[in-house]
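The values are calculated or read from the model by the stated rules, or taken from the named source; none is laboratory data. From a predicted model like this one, the values you see are computed outputs, not experimental measurements. Ideal geometry is used to build each Cβ from the backbone, glycine not excepted, and the neighbour counts take in all protein chains shown.
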Amino acid sequence: MITVLMTIVACLAVSVCSLSSAFALWLTPKQLNRIVPYLVALAVGVLLGDAFIHLIPDAVNRHGSVSTICFTVLIGVFGFFVLEKLVRWHHDHLNDIKQSQLENTILPLARMNLIGDAVHNFVDGILIAGSFLADPLVGMTTTLAIIAHEVPQELGDVGALLRGGYTPKQAVLYNFYCSLSVIPGALFTILLSQIAESSLTVLLPIAAGGFIYIAASDLIPVLHERANIRHLSGQSASFALGIFFMQGIVLLEQTLLNT
Amino acid sequence: MVSLAVCLRLIGCEMLVILSILASLLDKTSNTRNLVMLGLSILLSVLCIDMVTYVLPNQIAGFIYQSHDEYLHSVVTPPQKQT
């Protein structure tokens, strides 16, 4: 019973951290317009860093077969492509019906980002509960590591949601709702620990595939919308910062788990 | 190992933070906000009652009787029923 409650405490702590993106509410629209391109670049760096430095190596460690993991990553990319086509089809269908709503519609990249984030948080829930079931101390260090990578990711995600057409309040709120998927992930593991443990070899690369797809097909084209020397240097720096941040967190995670 | 009561209090505090931030983000006219406010007030009442009836008396008793070995012994190991 204590393990279950400690897992819920950890999951809620992760969800509370996702509200760190609420800083966007204190900025004026002019300031937001200025920083959103850099936040999107940060999101690209963090998402690609998370996929290539964190999720795929973790999946390979668990499964062992690189070719199977790469194939599952591709399935993830393909799945998110089909999902985006469905979202766009629904979006275009709505536009046919009400042309007047065109200005208020949300870009598919925002919805794709929310779906990808929800899958990622579900996987985080499985990891938290799995580590608490193994040992409470490992559970606490895993939670700390997840919180450390969650904060920069949420900042980038809110940037992508703002670019996708959500208002700052909606972006923070929907981002928080997605972060709550960490709790079903944890409960799924607690109830069906063996199935959940084996499902990680599929869920981790699928989440990685989703992140690669969102970063490469939805967010990078947004970065190319404005081309001047200020954006080139600023966005490149934010992109690199995202990657280095994820690398730093992976090193921190290894240090925490080894102590 | 953390005790059951500490875990429940931590969950309560986290829920309190989440619900108060949610309440500030939601529209004032929405039904969801009313529901969140209701949850917030129930949670706050439960935490306050727990604080007043359990946490504070224990803290005060601990402060007053901290030098009494019998009290400390009874807190660490609850007395067993005599048969």
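Quick notes on this one:
- Residue in region A:11-33 that is among the aliphatic types (A, V, I, L, M), surrounded by fewer than 22 Cβ atoms within 10 Å (Cβ to Cβ) and away from chain B (no Cβ under 14 Å) present: yes
- Count of residues meeting criterion [surrounded by fewer than 17 Cβ atoms within 10 Å (Cβ to Cβ) and under 19 Å from A:Val123 (Cα atoms)] in region A:65-77: 5
- Verdict on A:Leu74 being at pLDDT 85 or above and hydrophobic (A, V, I, L, M, F, W, C): yes
- Residue match in region A:3-12 (condition: within 15 Å of A:Gly159 (Cβ to Cβ), modelled with pLDDT of 85 or more and not hydrophobic (A, V, I, L, M, F, W, C)): no
- Residues that are under 12 Å from the mean Cα position of the chain (by Cα) and over 21 Å from A:Lys169 (Cβ atoms) were ranked within region B:16-44; the one that is nearest to the other protein chains (Cβ to nearest Cβ) is B:Leu43.
- Evaluation of A:Thr141 against the conditions (1) farther than 27 Å from A:Val66 by Cβ; (2) in a helix (DSSP H, G or I); (3) in contact (Cβ under 8 Å) with a residue 40 or more places away in the chain shows that the sole unmet condition is (1).
- The number of residues in region A:214-229 being surrounded by 10 or more Cβ atoms within 10 Å (Cβ to Cβ), over 13 Å from A:Gly45 (Cα atoms) and at pLDDT 80 or above comes to 2.
- Candidates in region A:1-54 are the residues that are free of Cβ contacts under 8 Å to residues at least 24 places away in the same chain and assigned to a loop (DSSP other than H, G, I, E, B); of these, the one that is nearest to A:Asn228 (Cα to Cα) is A:Thr28.
- Any hit, region A:229-243, residues being touching a residue at least 12 places away in the same chain (Cβ under 8 Å), in contact with a Pro (Cβ under 6 Å, 6 or more places away or on another chain) and closer than 30 Å to B:Ser24 by Cβ: no
- Residue within region A:145-157 that is crowded, with 24+ Cβ neighbours inside 10 Å, touching a Leu at 6+ places or on another chain (Cβ under 6 Å) and assigned to a helix (DSSP H, G or I) present: yes
- Here B:Asp50 does not qualify as within 14 Å of chain A (Cβ to nearest Cβ) and in contact with a helix residue (DSSP H, G or I) (Cβ under 9 Å, 6 or more places away or on another chain).
- Looking across region A:128-182, the residues that are of a type in the set (Ser, Thr, Tyr) and over 21 Å from B:Val17 (Cα atoms) come down to A:Ser131, A:Thr141, A:Thr142, A:Tyr166, A:Thr167.
- Taken across region A:59-68, residues that are more than 10 Å from chain B (Cβ to nearest Cβ), over 14 Å from the mean Cα position of the chain (by Cα), closer than 25 Å to A:Tyr177 by Cα and assigned to a loop (DSSP other than H, G, I, E, B) do not occur at all.
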